[in-house]
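The values are calculated or read from the model by the stated rules, or taken from the named source; none is laboratory data. Just so it is clear, the model here is predicted, and its values are computed rather than measured. Cβ coordinates were reconstructed from backbone atoms using ideal geometry, including for glycine residues, and neighbour counts include every protein chain displayed. Side chains are part of the model used for accessible areas, which takes the heavy atoms of the whole protein and leaves out ligands, DNA and RNA. Shrake-Rupley method; radii C 1.70, N 1.55, O 1.52, S 1.80 Å.
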Amino acid sequence: MSQPVTATTSDDSCNPVLTEVVRSGFVEGRHRGSVVLLAADGSVEWAIGDVTSAVFPRSANKPMQAAGVLRAGLDLTGERLALAAASHSGEPFHRDLVRAMLDEHGLTPEHLRCPPALPLDQEEQEAYLAAGGRRDRVAMNCSGKHTAMLAAAALRSWPLASYRDPDHPLQLLIRTVVEEAAGEPVAAVGVDGCGAPLMAISLTGLARAFRAYVLAAPGTPERRVADAMRAHPEYVAGTRRHDTWLMRDIPGALSKAGAEAVQALALPDGRSLALKIDDGGARALGPVLARVLGLMGVTAPVVERVAHAPVLGGGREVGQLRTAF
């Protein structure tokens, strides 16, 4: 582990530059952000930028949301539980399982309140459109989470139509789950891209939550979610997504990205990280994540794969994103 980095900027209100965009040897852009790394005992081992102010973790909150539906009494296991914590690519096996889960709980796609969308994965989207597919709620990347929320509400005889309301009993339960895992109160509640409540916590709180899930006792809702995600990573993301690669290739890793370039990851010994790129530039996420994994001593080939962020010109690689810390 290298020595902690002390970030210096010309404006104390700005987070430091984490990556530079290099085209033909010329730096044409920069991405600022924050990263926190927790030691196995939960203490902050390394940080750069502001890691204590609240952010919206976006879909990196999904493991906690999945634990919430388990706490509500819904019995999900295996691929179904992984899909409840997913930002899936919309591949056929994702869509098929969403439909199966809806049917198993007496629900239909019309019950879903996530917006109609195309598959998240670009390659799958092209195939989907070529086959005559149209925007559909089942294809939306959060449809597994919404299906699980609906199923939990139905099980408890809670209202179905308002399951996305922040004051719905299920969402109040999920808020409690998030606060317990993060070790801090939710600072704000917004509306996520899928329409579900979005709960703001700090990057340090997000890293604490992922650490708590990998260290939770077997059989607890938290550990059940972590184990399902790690056993079935292709249902959490997709066949061409970095969360899948990381959980397949780093033994015991729990990984989940969120929109606006958020990432959280925990190793089975309790070391964990969380990061956010300020401008939401997802292209910077992989290089920063790979750099921090390197600081943690993770040397699996997948780290280099995740780090590769080419800059293209004329259809060929003419540069790359490089980390600046």
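Annotations for the structure displayed:
- Restricting attention to the range 94-127 and to residues that are touching a strand residue (DSSP E or B) at 6+ places or on another chain (Cβ under 9 Å) and in a helix (DSSP H, G or I), the residue that is surrounded by the most Cβ atoms within 10 Å (Cβ to Cβ) turns out to be 95.
- Candidates 248, 291, 240, filtered to the one that is touching a helix residue (DSSP H, G or I) at 6+ places or on another chain (Cβ under 6 Å) and at negative phi: 248
- Any hit, the range 66-86, residues being touching an Asp or Glu at 6+ places or on another chain (Cβ under 8 Å) and not in a loop (DSSP other than H, G, I, E, B): yes
- Tabulated pairs, the range 36-63, first closer than 27 Å to residue 236 by Cα, second among the β-branched types (Val, Ile, Thr) and open to solvent by 20 Å² or more (accessible area, probe 1.4 Å), C-beta under 8 angstrom, 6+ apart or interchain: 36/44; 37/44; 38/44; 51/44
- A single entry from 27, 51, 36 fulfils the requirement of being β-branched (Val, Ile, Thr), at pLDDT 95 or above and in a loop (DSSP other than H, G, I, E, B): 51.
- Selection count, the range 54-65, where residues are open to solvent by less than 10 Å² (accessible area, probe 1.4 Å) and either of a type in the set (S, T, N, Q) or assigned to a loop (DSSP other than H, G, I, E, B) (or both): 2
- The one condition in (1) open to solvent by 30 Å² or more (accessible area, probe 1.4 Å); (2) at negative phi that residue 260 fails to fulfil: (2)
- Count - residues of the range 145-158 that are hydroxyl-bearing (Ser, Thr, Tyr), assigned to a loop (DSSP other than H, G, I, E, B) and open to solvent by less than 70 Å² (accessible area, probe 1.4 Å): 0
- Look at the range 159-178: where a residue is under 19 Å from residue 62 (Cβ atoms) and part of a loop (DSSP other than H, G, I, E, B) and a partner is open to solvent by 60 Å² or more (accessible area, probe 1.4 Å) and among the aliphatic types (A, V, I, L, M), sitting 6+ places away or on another chain with Cβ atoms under 6 Å, you get 166/189.
Yes/no per residue for (1) at pLDDT below 95; (2) over 24 Å from residue 91 (Cβ atoms); (3) open to solvent by 10 Å² or more (accessible area, probe 1.4 Å); (4) not in a helix (DSSP H, G or I):
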residue	(1), (2), (3), (4)
234	no, no, yes, no
240	no, no, yes, yes
256	no, no, no, yes
268	no, yes, yes, yes
283	no, no, yes, no
289	no, no, no, no
303	no, yes, yes, no
319	no, yes, yes, yes
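- Any hit, the range 143-154, residues being of a type in the set (Ser, Thr, Tyr) and touching a residue at least 60 places away in the same chain (Cβ under 8 Å): yes
- Restricting the range 183-214 to residues that are without any contact (Cβ under 8 Å) to a residue 60 or more places away in the chain and farther than 20 Å from residue 51 by Cβ leaves a set whose member that is surrounded by the most Cβ atoms within 10 Å (Cβ to Cβ) is 197.
- Of all the listed residues (205, 219), the sole one being out of contact with any strand residue (DSSP E or B) (no Cβ under 6 Å at 6 or more places or on another chain), part of a loop (DSSP other than H, G, I, E, B) and under 28 Å from residue 273 (Cβ atoms) is 219.
- Meets criteria (β-branched (Val, Ile, Thr) and part of a loop (DSSP other than H, G, I, E, B)) for residue 186: yes
- Qualifying residue in the range 135-144 (condition: out of contact with any Pro (no Cβ under 9 Å at 6 or more places or on another chain), part of a helix (DSSP H, G or I) and surrounded by fewer than 16 Cβ atoms within 10 Å (Cβ to Cβ)): no
- Failed condition for residue 174, given (1) closer than 18 Å to residue 88 by Cα; (2) out of contact with any Asp or Glu (no Cβ under 9 Å at 6 or more places or on another chain); (3) not basic (Lys, Arg): (1)
- Neighbours by Cβ (under 7 Å, 6+ apart or cross-chain): first from the range 263-285, touching a residue at least 24 places away in the same chain (Cβ under 8 Å); second open to solvent by 70 Å² or more (accessible area, probe 1.4 Å): 270/215; 278/32
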